[in-house]
Amino acid sequence: MRIVFLGTPEFAVPALQKLLDHSYEIFGVFTQPDRPSGRGQRPQPSPVKLLSQAKGIPVFQPEKIRREENRAVFAELRPDFIVTAAYGQILPGWLLQSARLAPVNIHGSLLPRYRGAAPIPWAILKGEEVTGITTMIMQESLDSGPILLQQEVPIPVDKTAGELAADLAIVAADLLIRTLDGLEKKTITPVEQDESRVTWAPPITKEMARISWEKSALEIHNKVRAMNPWPGAHTVFHGERLQIWRSLPEILSPGSKVPPGTLAGFSGDGIRVQCAEGTMLNVLELQKPGRSRISGREFANGAHLRPGDAIFRD
């Protein structure tokens, strides 16, 4: 089978590696152009590009894949399957139609829930206990195509978006192989999505990462882990931005009169911060600007904090 693979971030790497492990013929890989990254802001290749180059696969990096000049490239590649995993651009109809058997997409949710660019952090933000992977037939409209296979994955209460993405990527790689095998043998029947159950997962923005201590501890905790690794949930301490990377929610006595954002006490490695609805957030890991990450207890010791101090503000 001739395959053209489109993907960019680390999430897509296990799927590409699994195709190679199963001796699929990868005739070309499309990934996003090298982007500035790090302190020096030097252009860096995507994880998919690095793997492709290491395996000697031709790499294409168009700024806009919809441009007409890319049509001839796909015509020459003559793919049986087009496979996409977090590529980062909407694909035109002519590209999808260039696949002899099917254009297959890997999506990080149980469609039709969480269509869009950021299904993994949004599932955590919404407090979901289960998510999963969907393989689907691609259409020009966003994540709307018929479902091929799905597999559920639980979301532990302490799992961050980055950790969940890594778990889902492994599941996605295995599900992709089953999907292509089923399509080739005609043992999979595509199922149309139920449009009445559609929810959306638009891109995460930096503006979404600010913590409001007037929310419950569970809501804040979900934000903390949904924003890890990017952009990092943050609050304000003594007029300075402070990022919170790990936490756990605690439910205490309702009706507490302590203002939200107040230090209520200490845990082994953390600090307990009062939130809304009689709840507390156990802050386990945080980071000052330009510093390394430290435990909540190390932060409290360094700042000489005591229970009853009003430490965080919205």
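Each reported figure results from applying straightforward, stated rules to the coordinates on display, with no laboratory input. Source: prediction; values computed, not measured. Every residue, glycine as well, gets a Cβ built from its backbone with ideal geometry; the counts of neighbours run over all protein chains shown.
Go through the range 218-257 and count every residue that is among the small types (G, A, S) and more than 22 Å from the chain's Cα centre (by Cα). Lay out the reasoning, then the answer.
Initially, the range 218-257 is screened for residues among the small types (G, A, S), giving 226, 232-233, 239, 247, 253, 255-256.
Of the ones still in play, those that are also more than 22 Å from the chain's Cα centre (by Cα) are 239, 253, 255-256.
Summing the residues that are among the small types (G, A, S) and more than 22 Å from the chain's Cα centre (by Cα) in the range 218-257 gives 4.
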Legend entry - Residue check for I106: part of a strand (DSSP E or B) and over 14 Å from M138 (Cα atoms): no
Legend entry - Qualifying positions in the range 213-231 - surrounded by fewer than 21 Cβ atoms within 10 Å (Cβ to Cβ) and touching a helix residue (DSSP H, G or I) at 6+ places or on another chain (Cβ under 6 Å): P229, P231
Legend entry - Number of positions in the range 194-211 that are buried (at least 16 other Cβ atoms within 10 Å of the Cβ) and out of contact with any Lys or Arg (no Cβ under 9 Å at 6 or more places or on another chain): 1
Inset, instruction - Identify the single condition in (1) in contact (Cβ under 8 Å) with a residue 24 or more places away in the chain; (2) surrounded by 15 or more Cβ atoms within 10 Å (Cβ to Cβ) that V157 does not satisfy, given that it satisfies every other one. - result: (2)
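Checking the structure you have, find out if any residue of the range 219-232 is of a type outside the set (D, E) and in a strand (DSSP E or B).
In the first step, residues of the range 219-232 are kept if they are of a type outside the set (D, E); the result is 220-232.
Those left that are additionally in a strand (DSSP E or B): none.
Within the range 219-232 (the criterion being of a type outside the set (D, E) and in a strand (DSSP E or B)), the answer is no, since none of the residues qualifies.
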